[in-house]
Amino acid sequence: MSTASPPSPKSQEPVLQPELLQVGSVEEEPCLRADAARNRARLLEAAARLVEEHGANGVTMEAVATAANVGKGTVFRRFGDRTGLLTALLDHSEKKFQAAFLSGPPPLGPGAPPVERLRAFGCALLRRSADELELQLAAEPSPDRRFSVPPRQVQRSHVTLLLRQAVPEADCEILAHALMGYLGAVLVHHLTRQCGMPMERLEAGWCDLVDRVTAASEQPRPTQLP
């Protein structure tokens, strides 16, 4: 005798369209004094040079301070910690990526069916992670912040929204976390660098996963037999 599956829990939060977020802190808004803005730009230029010359592992607060000819305290005051510094380096590409999936042309942007947008989103994020892999890994947040940093919240909210459009009866918040796990830089590093998988295989795997998740979620649930 088959038993009825429990209904998917529904979020109490409203379904909202994600909005483009600033990656950095409020201190990085355009209201910065001109000299503070110049100092921040100089620090980021120094950090970018260190990435080019030594890789992301060569970017430390001390090294950036030395390269920019400032005190180490200046770097800490501006970025908080090494993760904050590396996140600031990723700020430009993150803003471009967010703009592409929130307001760019389809299928990544609005105008395509939700499943097509999910496929395009994952493939674009995989390619971005591969292109910036060392920096992405070095900027990986600590476990207590991993799922709450603004860029990941925006990305996960976007995936959740598309899932709700494609399979409204599914537990889309849980599915979004599962799908986002496939796109993490740590897994991309393992699959491409340690397992030698080509990016084309990862992209094909993502599309297959999206198709299976959305198709399986659309199947009728088993009902209680009399």
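The distance separating the Cα centre of the range 56-126 from that of the range 147-184 comes to 19 Å. Largest first, the residues 186, 70 sort by 1.4 Å accessible area into 186, 70.
Given a cut-off of under 8 Å on Cα pairs at least six residues apart, what relative contact order in percent is computed for the range 88-198?
Reported relative contact order: 24 percent.
If the Kirkwood radius is taken over C-alpha pairs of the range 97-198, then at 20 °C and 1.002 mPa s the Stokes-Einstein diffusion coefficient equals 150 µm²/s.
When the solvent-accessible area of the range 52-170 is split by element, carbon and sulfur atoms take up 52 percent of it, the probe being 1.4 Å.
The values are calculated or read from the model by the stated rules, or taken from the named source; none is laboratory data. These figures come from a predicted structure and were not determined experimentally. Just the protein is used for accessible areas: all its heavy atoms, side chains included, with ligands, DNA and RNA removed. Shrake-Rupley method; radii C 1.70, N 1.55, O 1.52, S 1.80 Å.
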